[in-house]
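Here is the structure we will look at.
The values are calculated or read from the model by the stated rules, or taken from the named source; none is laboratory data. Predicted model, so just to flag it, every value in this text is computed and none were measured. Backbone-built Cβ (ideal geometry, glycine too); neighbour counts: all protein chains shown.
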Amino acid sequence: MQRKVSVIGSGNVGATAARSIADKELADVVVLDILEGIPQGKGLDMLEACPVEGSDARVLGTNDYADTAGSDIVVVTAGLARKPGMSRDDLLTKNCAIIKSVTEQVVEHSPDCIIIPVTNPLDAMCQVVYRVSGFPRERVIGMAGVLDSARMRTFIAQALDVSVENTHAFVLGGHGDTMVPLPRYSTVAGVPITELLDQDTIDAIVKRTAGGGAEIVKLLGTGSAYYAPGSAVVEMVEAILKDKKKILPCAAFLQGEYGISDLFVGVPVKLGARGLEQIVQIELSESEQAALDKSADAVRELVQIIAM
Ligand code: APR
């Protein structure tokens, strides 16, 4: 394969995403972790799945950043996962230090790559990657909105007993408790859910979406979600590698869009070969804008703590 995607962190999210990228034959995959043996073992295991999957992707597990050299995309999942009762924000300081050192090494070996941060708290970690890498905003795009929208789509499909393929969901803001699911722009076969569901049901869907990560953390008891996050990463990787110009909600560095500056916040963006190719601006009502501002304030608070 000519394309190369490196995944930093061979834990649950990293391994799930890596396996899917290899299975879909989107690129050769390098999986890197600080743990010795784990990325090598998982990488070899994934490689040995490829004959069955019909994929000629080459998968390599490693502890050495030299193996990631020349990556087109680097997905960063390294860090600590949330434990029950622990908010995403509790992770801030520890993951900040990890992300700083990971970014330095990624940039040294793949100066032209597109970085997709996944580690939580997501928007703040994007800010760290952006500042440390010195990359333009087009090449640092955080994964959060695709996941949050997938959760909302799941609940919409369940409520209306329709195919998930007919659903579209819009979630803006930070990837945290203040995220802003937008029912007005969430549709089933093009029809806004505000015309299909009563207000109580919509409120319940919005609430469950915002608490979607915590719901899984509580059920698992240890660790956090990884199947849906893994799938969400792969949708972004595929959109970029195939230059699909796909509009997806992602964490992007805003410079005045939506009235927000110098901060990563989830908004709809166009993803293509150049990474973030456009920030799509939609009309917001007063209350929607107020909710987005509040969410941005929550992100800004974290960013100030880590002085990024
Ligand atoms: N360099 C490389 N890998 C690292 C480093 C580092 N400096 N520090 C930790 N790791 C690795 C760990 O060894 C572990 O294998 O990151 C991996 C994280 O995997 P998990 O603990 O399984 O966590 P996971 O569920 O994959 O979540 C990773 O994504 O969704 C977010 O909140 C989640 O921040 C978390 C991240």
(Q) Consider region 184-218. How many of its residues are over 21 Å from the mean Cα position of the chain (by Cα) and at negative phi? (A) 17
(Q) Looking at 189, 169 in this structure, which one is outside the structural domain of residue 10 (by TED's automatic domain parsing), surrounded by fewer than 16 Cβ atoms within 10 Å (Cβ to Cβ) and away from the ligand (no atom under 16 Å from the Cβ)? (A) 189
Q.
Please determine whether any residue of region 199-212 is modelled with pLDDT of 95 or more, in contact with a His (Cβ under 9 Å, 6 or more places away or on another chain) and in a helix (DSSP H, G or I).
A. no
**Q.** Lone qualifier among 104, 108 - being part of a helix (DSSP H, G or I), of a type outside the set (Phe, Trp, Tyr) and more than 27 Å from residue 175 (Cβ to Cβ)
**A.** 108
Q. Of all residues in region 2-46 being touching a Leu at 6+ places or on another chain (Cβ under 8 Å) and not in a strand (DSSP E or B), which is farthest from the ligand (Cβ to nearest atom)?
A. 3
Q.
Need pairs with beta-carbon distance below 6 Å; first residue surrounded by 17 or more Cβ atoms within 10 Å (Cβ to Cβ) and within region 235-250, second of a type in the set (Lys, Arg); sequence gap 6+ or separate chains.
A. 239/246; 241/3
Q | Test: residue 232 is in the same structural domain as residue 302 (by TED's automatic domain parsing), under 19 Å from residue 13 (Cβ atoms) and not hydroxyl-bearing (Ser, Thr, Tyr) | A | yes
Q.
Show the residue pairs meeting these rules: Cβ distance below 7 Å; 6+ apart or different chains; first residue within region 5-23 and in the same structural domain as residue 101 (by TED's automatic domain parsing); second residue near the ligand (Cβ under 6 Å from one of its atoms) and of a type in the set (Asp, Glu).
A. 9/33; 10/33
Q: Taking residue 219 as meeting all but one of (1) under 30 Å from residue 21 (Cβ atoms); (2) touching a residue at least 24 places away in the same chain (Cβ under 8 Å); (3) surrounded by fewer than 18 Cβ atoms within 10 Å (Cβ to Cβ), write down the number of the exception.
A: (2)
